[in-house]
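Everything below concerns the one structure shown next.
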Amino acid sequence: MDKIVIITGVSRESGLGFETARQLKDLGYKVIITARDLDKVSELAEKIGVFARQLDITNDQSIDGLVKDIDKEFGRIDVLINNAGSFFDQGAEPLSSDIEFIKAAIDTNLLGAWRMIKAFHNLLEQSDQPRIVNVSSGAGSFDDPVFGLANHFSKVPVYGITKLALNGLTVKLATQFKEHKIKINSVDPGFTATYPGTEEWGARPVEEGAIGIVWAATLPNDGPSGGFFKDGKPINW
Ligand SMILES: NC(=O)c1ccc[n+]([C@@H]2O[C@H](COP(=O)([O-])OP(=O)(O)OC[C@H]3O[C@@H](n4cnc5c(N)ncnc54)[C@H](OP(=O)(O)O)[C@@H]3O)[C@@H](O)[C@H]2O)c1
């Protein structure tokens, strides 16, 4: 039976979500890609022969609708990839960050994943090998030499703090899921060329960035849970 994976935030062909979908489809997964804009996600789905659904991860009704739809059609999911994330506040400083912007960033980057996991964990429990991947960032870690939280050159305070919090969610849920079979991990895709011009700044190809996400989505039963990984290797928080 094909494994079923849901990926959030797939609205651009050059994005990590689309490349992750492509790689998992090649591995034989039944892939459901989602985005706020149904037209965009449907067009992308058609290109690689996967399923498309509308989903806004800040909207409970949108999430509930998807849960009902997937429950009716498939009765389970095997993998949830919380890829949707935004609010990269390049050049900002925490004191001058707008509180409404901060709230919106938390609502998407942290609460979006949290809502999705709360909504889908019953369908994940129906799987033999359920996996959750939270797509995080080196900007939410202390260790990343360029984007890390304590690094002077790192100027993405709001984005970084939301990814730090997302990592916290990964750890707390892994503890709760200990008695269950669900494995949950955070993945840093690394600086990846998902936007034009970023290669010049050292971003790597999207095919490479997605490899670690696919690795965490396809973990065997003796794989880790509650960790933070890049390219399938543990990294410091
Ligand atoms: N590229 C990098 O260097 C890098 C490095 C580390 C981590 N990451 C992480 O990787 C993930 C993918 O990023 P990307 O670089 O591939 O950029 P991207 O294509 O812009 O991906 C972000 C996606 O999140 C979606 N999104 C935003 N708010 C949403 C909401 N409320 N509901 C549903 N979807 C929503 C966006 O959709 P809309 O088009 O509707 O806005 C977009 O499809 C993000 O979590 C990002 O933080 C990226």
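Does Ile211 count as of a type in the set (A, V, I, L, M, F, W, C), modelled with pLDDT of 95 or more and in a helix (DSSP H, G or I)?
yes
Mind listing whichever residues of region 197-212 are more than 10 Å from the ligand (Cβ to nearest atom) and open to solvent by 80 Å² or more (accessible area, probe 1.4 Å)?
Glu199, Glu200, Glu207, Glu208, Ile211 - these are the residues of region 197-212 that are more than 10 Å from the ligand (Cβ to nearest atom) and open to solvent by 80 Å² or more (accessible area, probe 1.4 Å).
Give the residues of region 85-107 that are assigned to a helix (DSSP H, G or I) and among the hydroxyl-bearing types (Ser, Thr, Tyr), sorted by residue number.
If the condition is that a residue be assigned to a helix (DSSP H, G or I) and among the hydroxyl-bearing types (Ser, Thr, Tyr), then Ser96 is the only one that fits.
Residues being within 16 Å of Leu80 (Cα to Cα) and either free of Cβ contacts under 8 Å to residues at least 12 places away in the same chain or among the hydroxyl-bearing types (Ser, Thr, Tyr) (or both): count how many of those fall in region 4-46.
Final tally of qualifying residues: 4.
Scanning region 149-191 for residues that are free of Cβ contacts under 8 Å to residues at least 12 places away in the same chain and assigned to a loop (DSSP other than H, G, I, E, B), which turns out surrounded by the most Cβ atoms within 10 Å (Cβ to Cβ)?
For region 149-191, the residue satisfying everything is Asn151.
The values are calculated or read from the model by the stated rules, or taken from the named source; none is laboratory data. Computed from a prediction, not measured in an experiment: that's the story for all the values here. All Cβ positions, glycine included, derive from the backbone under ideal geometry; neighbour counts span all protein chains shown. All accessible areas refer to the heavy atoms of the entire protein, side chains included, with ligands and DNA or RNA removed. Shrake-Rupley method; radii C 1.70, N 1.55, O 1.52, S 1.80 Å.
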